[in-house]
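The structure under discussion appears below in the form of structure tokens.
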Amino acid sequence: MEYLKTVLILLATLAVLITIHEWGHFWVARRCGIKVLRFSIGFGTPLLKWRDKQGTEFVVAALPLGGYVKMLDAREDDAGEIAAADAPREFTRQPVGKRIAIVAAGPVANFLLAIAIFAGLFIHGIPEPVARVGV
């Protein structure tokens, strides 16, 4: 039973880290005006799917060991011909600074999460064992 609890805690922790990481990419891409096609947590068979008002497909998949943010990209085989209205929102047509910001946003989001967690632990405190010699 303890083994199962450990595995579930590991999967929950990974899910949080992956979600925050991918959300960083997603959030900056949206702020930079890039069209985001899919935001996926996990790989494999989709368990949940929905779309927002901007047409982004959100997916929670079966294997929670990763994720991705798929943006409009002319380099992909399935992209085909990009509509003229979407051309300014295509990833590779953006200035290098925006592309660097989007790529760096995931690790930065994880770094900010770590700072927030450590700040919370520092403010709240954690119990430490008391040193006792004898009873």
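The values are calculated or read from the model by the stated rules, or taken from the named source; none is laboratory data. Everything numeric here is computed off the predicted structure, so don't read it as measured data. For neighbour counting, all protein chains shown are included, and Cβ atoms are generated from backbone atoms with ideal geometry for every residue, glycine included. Only protein heavy atoms, including side chains, enter the accessible area calculation; ligands, DNA and RNA are left aside. Shrake-Rupley method; radii C 1.70, N 1.55, O 1.52, S 1.80 Å.
Descriptive notes on the structure:
- Here segment 1-50 is the region considered, the condition is being of a type in the set (A, V, I, L, M, F, W, C) and farther than 24 Å from P107 by Cβ, and the residue that is most open to solvent (accessible area, probe 1.4 Å) is M1.
- Cβ-Cβ under 7 Å pairs, at least 6 apart or on other chains, segment 19-40 side over 11 Å from Y68 (Cα atoms), far side among the acidic types (D, E): K35/D86
- Residue match in segment 43-53 (condition: over 24 Å from T19 (Cα atoms) and not hydrophobic (A, V, I, L, M, F, W, C)): no
- Counting the residues of segment 51-71 that are part of a loop (DSSP other than H, G, I, E, B) and crowded, with 16+ Cβ neighbours inside 10 Å gives 1.
- Pair list, Cβ < 8 Å and 6+ apart or interchain, from segment 122-135 residues that are in contact (Cβ under 8 Å) with a residue 40 or more places away in the chain to residues that are open to solvent by 100 Å² or more (accessible area, probe 1.4 Å) and not in a loop (DSSP other than H, G, I, E, B): none
- As a summary of the residue check, A84 satisfies the conditions (1) aliphatic (A, V, I, L, M); (2) in contact (Cβ under 8 Å) with a residue 40 or more places away in the chain; (3) open to solvent by 80 Å² or more (accessible area, probe 1.4 Å) except for the one numbered (2).
- The one condition in (1) surrounded by 12 or more Cβ atoms within 10 Å (Cβ to Cβ); (2) of a type outside the set (S, T, Y); (3) under 14 Å from R30 (Cα atoms) that A109 fails to fulfil: (3)
- Which numbered condition V59 misses (of (1) more than 17 Å from Q94 (Cβ to Cβ); (2) modelled with pLDDT under 95): (2)
- Residue in segment 72-81 that is exposed (fewer than 12 other Cβ atoms within 10 Å of the Cβ) and touching an Asp or Glu at 6+ places or on another chain (Cβ under 6 Å) present: no
- From the list G42, G106, G120, the lone residue that is modelled with pLDDT under 95 and in a helix (DSSP H, G or I) is G120.
- Scanning segment 88-106 for residues that are in contact (Cβ under 8 Å) with a residue 60 or more places away in the chain, open to solvent by 50 Å² or more (accessible area, probe 1.4 Å) and not aliphatic (A, V, I, L, M) yields a single hit, K98.
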